[in-house]
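The values are calculated or read from the model by the stated rules, or taken from the named source; none is laboratory data. Bear in mind the structure is a predicted one, so any value in this text is a computation, not a measurement. With ideal geometry, Cβ positions are generated from the backbone for all residues, glycine too; neighbour counts draw on all protein chains shown. The accessibility values were calculated without ligands, DNA or RNA, using every heavy atom of the protein model including side chains. Shrake-Rupley method; radii C 1.70, N 1.55, O 1.52, S 1.80 Å.
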Amino acid sequence: MAYQFDFLSTLDYTDVIVKGVVTTIELIAIGGVLGVAVGIFGAWARTQGPGWLKPIVSAYVEMIRNTPFLVQLFFIFFGLPSLNVHISEISAAILAMVINLGAYSTEIIRAGVQAIPRGQIEAAQSLSMSRMQIFRHIILRPALQKIWPALSSQVVIVMLGSAVCSQIAVEELSFAANYIQGRNFRAFEAYIVATAIYLVLAILLRQLLRLIGQHFITARRTA
């Protein structure tokens with residue numbers, strides 16, 4: 001017998017889908033902003049920071065970039081309670097996303113920092129500007145202009161990677177799809193709907209980041 005598609009049975013759980021979408025948006029909104037902030041600090045530490053801080057940040061970056069995100073998530077949610085550190089599912093998911101995105105964005109932003117002409121930095125140093133002032137006013141904005149497309153892509157990748165957060169019972173979009181197919185036994189329809197929504201979210205997020213880049217990162221300052 002031919003398979004009979006029944007997407008209406010999936011739409012009966014619209015409230016579950018909406019909740020999953022909202023949670024996914026919350027995860028990337030908080031995790032994305034904080035993760036990029038960590039990346040900016042990490043890039044500063046590796047290029048302009050004190051000598052004792054550089055190996056610490058380097059070790060953090062290498063450890064996160066060379067281990068699976070799912071393992072990092074499990075370590076935070078299941079491992080930390082062994083040390084009497086208990087956090088909620090959503091907090092563990094956000095923390096894992098921040099740590100993961102922070103490591104990758106550190107390297108992306110550092111590449112932009114290293115592309116800044118040395119003469120600009122030396123000119124700022126001749127004006128007795130501190131390392132933090134040089135990084136903030138001379139280096140950061142041009143560096144972000146150079147690497148914004150790559151950084152935007154990494155944020156989108158982390159948003160899509162948030163799907164594994166359902167493994168610790170975070171009620172995001174993939175959790176919603178699992179819940180629905182477990183109730184109506186329509187796995188094909190449930191996951192097709194979830195896939196379509198992830199595609200739309202990724203496109204919208206990429207467009208949002210493009211607009212942010214155009215208006216706040218790459219836009220020329222006027223006197």
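Please check the chain for the longest run free of chymotrypsin sites (Phe, Trp or Tyr not before Pro) that are loop-located per DSSP (anything but H, G, I, E, B) and have at most 15 other Cβ atoms within 10 Å.
53-184
Test of understanding: extend the Cα→C-beta vector of Leu80 to 7 Å, then name every residue of region 35-60 with backbone N under 15 Å from that spot.
Residues 35 fall inside that zone.
Could you work out the percent of alpha carbon pairs in the chain separated by over 23 Å, rounded to a whole number?
Summing the P(r) tail past 23 Å for the chain gives 56 percent.
With a 1.4 Å probe and all protein chains kept in place, how do Met132, Met159 rank by accessible area, largest first?
Met132, Met159
If you keep only loop residues by DSSP, which trypsin sites (Lys or Arg not before Pro) in region 136-220 have at most 11 other Cβ atoms within 10 Å of their Cβ? Kindly include the intermediate steps, with their values, before the conclusion.
Working: sites: Arg136, Lys146, Arg183, Arg186, Arg206, Arg210, Arg220; in loops: Arg186, Arg220.
The qualifying sites are Arg220.
Working out 0.36 nm times the residue gap between Arg131 and Ser88, then minus their Cα-Cα distance, what length gain in nm do you get to one decimal?
Working: separation 43, 0.36 × 43 = 15.48 nm, distance 3.80 nm.
The Arg131-Ser88 span can extend by a further 11.7 nm.
Taking the Cβ-Cβ separation of His215 and Val33 as r and a Förster radius of 22 Å, what is the calculated FRET efficiency to the nearest 0.05? Intermediate values should be presented prior to the final figure.
Numbers: r = 16 Å, r/R0 = 0.75.
So the FRET efficiency works out to roughly 0.85.
For Ile108, Ile87, what's the largest-to-smallest order of accessible area, 1.4 Å probe?
Details: Ile108 35, Ile87 60 Å².
In descending accessible area the options line up as Ile87, Ile108.
Report the calculated FRET efficiency for Leu199 and Ser153 (r = Cβ-Cβ distance, R0 = 22 Å), to the nearest 0.05.
Values: r = 15 Å, r/R0 = 0.69.
With R0 = 22 Å, the Cβ-Cβ based efficiency is 0.90.
Which value, in debye to the nearest 20, describes the size of the charge dipole of the chain about its Cα centre when Lys and Arg Cβ atoms bear +1, Asp and Glu Cβ atoms bear -1, and nothing else is charged? Could the numbers behind the result be given before it?
On the way: 16 positive and 11 negative charges, 252 e Å.
Approximately 1200 debye in magnitude.
Would you mind working out the accessible area per residue for region 82-194, using a 1.4 Å probe, and quoting it in Å²? Spell out each step's value before the answer.
Details: 5380 Å² over 113 residues.
Solvent-accessible surface per residue comes out at 48 Å².
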